[in-house]
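Reviewing the structure listed below.
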Amino acid sequence: MMAVLVLQVEFVLFSSKTGSRKLVGLRKQNLYAQQKNLKIRAKIQQQLAKIHNNVKKLQYQLKDVKPTLDFVEKLREMMEEIENAINTFKEEQRLIYEELTKEEKTTNNELSAISRKIDTWALGNSETEKAFRAMSSKVPIDKVTPSTLPEEVVDFEKFLQQTGGRQGGWDDYDHQNFVKSIQNWKTKKQQKKEEIFKLKEKAENVSVLFNNKQEDNQKQKEQRKKQKLAVEAWKKQKSIEMSMKYASQLKEEEEKEKKQQKERQRQFKLKLLLENYTQQKKEQEEFLRLEKEIREKAEKAEKRKTAADEISRFQERDLYKLELKILDKQSKEDEKADKQRRLAKLKEKVENNVSRDPSRLYKPTKGWEERTKKIGPSGSGPLLHIPHRAVPTWRQGI
């Protein structure tokens, strides 16, 4: 039916004076919508590529984990950036979905209004319907009917086109009278038959016309029944397919959500592990620092104590040496004083009267005189014995 409606719209648009202009406007709007969709798709792909690259960077960073504060801070910033990008993308998609939903409702309302107008035109203007039938008979069936429709629906559309529509080529008044007459056929066969004959006075063969109309009506009912059954089966099949597709999508989304949840849990555990390791590292460093301070304080106290002991010992030693030095000096002074006293006593005992004789300074001394007195041999006689120095033990026997 949508194909028939489309043909009716095109026929009405082209039959009017401004129809071509309206169609050009619709085509421009369609082209603008396609360009807008391409821009939106490119923007979405760009956002997804950015998020994908950030996630890849985070995964690459997690391959080489470093237990440092800078590394943990860098991971936290990267995770916050990815989370913000995902939230922004979701919010934009939600707004776009709401806008598209509103546009869909508006479009459905407009299509319903157009469909009602077309039905009104079809019922009110038989000339338009005849022209449409003439035009549709020239259009191939395969081009009008979508290939996705069931076979019974296609057969029913073909039957309607071959028989001249739902009324079999009759006008509204004749067709309604025919339907009323058929409903009371069993009770008033002959009377209704005569009334039906009067409806087509211009026909050459009334009986043939009546029989054809009756056969066409019966075939139309059968085809209509088949069409309804096929449409219901088709709807059920589509509903099942949509349900299966929705269930498959839901399952995929659940699996994806589970994977994301596992990834988030793994990242959260890794984050906790890094935080615990960092905290333990801080506590260990603080403990080592305190231990070092305590050890240094103890060493300084020990050094101060040792220095105080050494200073006191050195002071005692210096005092002892000073006392010894004072005693030694005192003893030397006492000895010197004793010596002076003894010399003084000796001088008192021995009287020393020596005359001055400056010429004795030029005279040889007594020792020199003694040396010049004793002169050895002149060396004219033979030497019986020549003294030699002793031979060292290490040269003996050489």
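On the basis of being part of a helix (DSSP H, G or I) and over 30 Å from Leu58 (Cβ atoms), does Lys221 make the cut? It would help to see each step written out before you state the result.
Values: part of a helix (DSSP H, G or I): yes; over 30 Å from Leu58 (Cβ atoms): yes.
Yes: the conditions hold for Lys221.
Residue-by-condition table, conditions (1) closer than 30 Å to Leu69 by Cα; (2) touching a Phe, Trp or Tyr at 6+ places or on another chain (Cβ under 7 Å); (3) in contact (Cβ under 8 Å) with a residue 12 or more places away in the chain; (4) assigned to a helix (DSSP H, G or I):
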residue	(1), (2), (3), (4)
Lys281	yes, no, yes, yes
Phe287	yes, no, no, yes
Leu290	yes, no, no, yes
Ala301	no, no, no, yes
Ser331	no, no, no, yes
Pro364	no, no, no, no
Trp368	no, no, no, yes
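Can you name the residue in the stretch 217-232 that is under 54 Å from the mean Cα position of the chain (by Cα) and charged (D, E, K, R) and is also surrounded by the most Cβ atoms within 10 Å (Cβ to Cβ) among such residues?
By that ranking, first place goes to Lys228.
Quick check on this structure: which one of Lys292, Lys373, Lys363 is at pLDDT 90 or above, out of contact with any His (no Cβ under 6 Å at 6 or more places or on another chain) and at negative phi? Can you show your working first?
Values: Lys373 fails: at pLDDT 90 or above; Lys363 fails: at pLDDT 90 or above.
Matching residue, one of Lys292, Lys373, Lys363: Lys292.
Within the stretch 71-86, restricting attention to residues that are under 10 Å from the mean Cα position of the chain (by Cα) and touching a residue at least 12 places away in the same chain (Cβ under 8 Å), which residue is nearest to Leu273 (Cα to Cα)?
Leu75
Filter the stretch 24-57 down to residues that are surrounded by 11 or more Cβ atoms within 10 Å (Cβ to Cβ) and among the basic types (Lys, Arg) and give me whichever is nearest to Phe71 (Cα to Cα).
Among those that are surrounded by 11 or more Cβ atoms within 10 Å (Cβ to Cβ) and among the basic types (Lys, Arg), it is Lys57.
Every residue in the stretch 56-70 that is part of a helix (DSSP H, G or I) and in contact (Cβ under 8 Å) with a residue 24 or more places away in the chain, please. I'd like the intermediate steps shown before the answer.
Taking the stretch 56-70 first, the residues part of a helix (DSSP H, G or I) are 56-63, 69-70.
Once the filter is applied, which keeps residues that are part of a helix (DSSP H, G or I) and in contact (Cβ under 8 Å) with a residue 24 or more places away in the chain, the stretch 56-70 yields Leu58, Leu62, Leu69.
The values are calculated or read from the model by the stated rules, or taken from the named source; none is laboratory data. Note that the structure is predicted; figures quoted are calculated from it, not measured. So basically every Cβ, Gly included, is an ideal-geometry build from the backbone, and we count neighbours across all protein chains shown.
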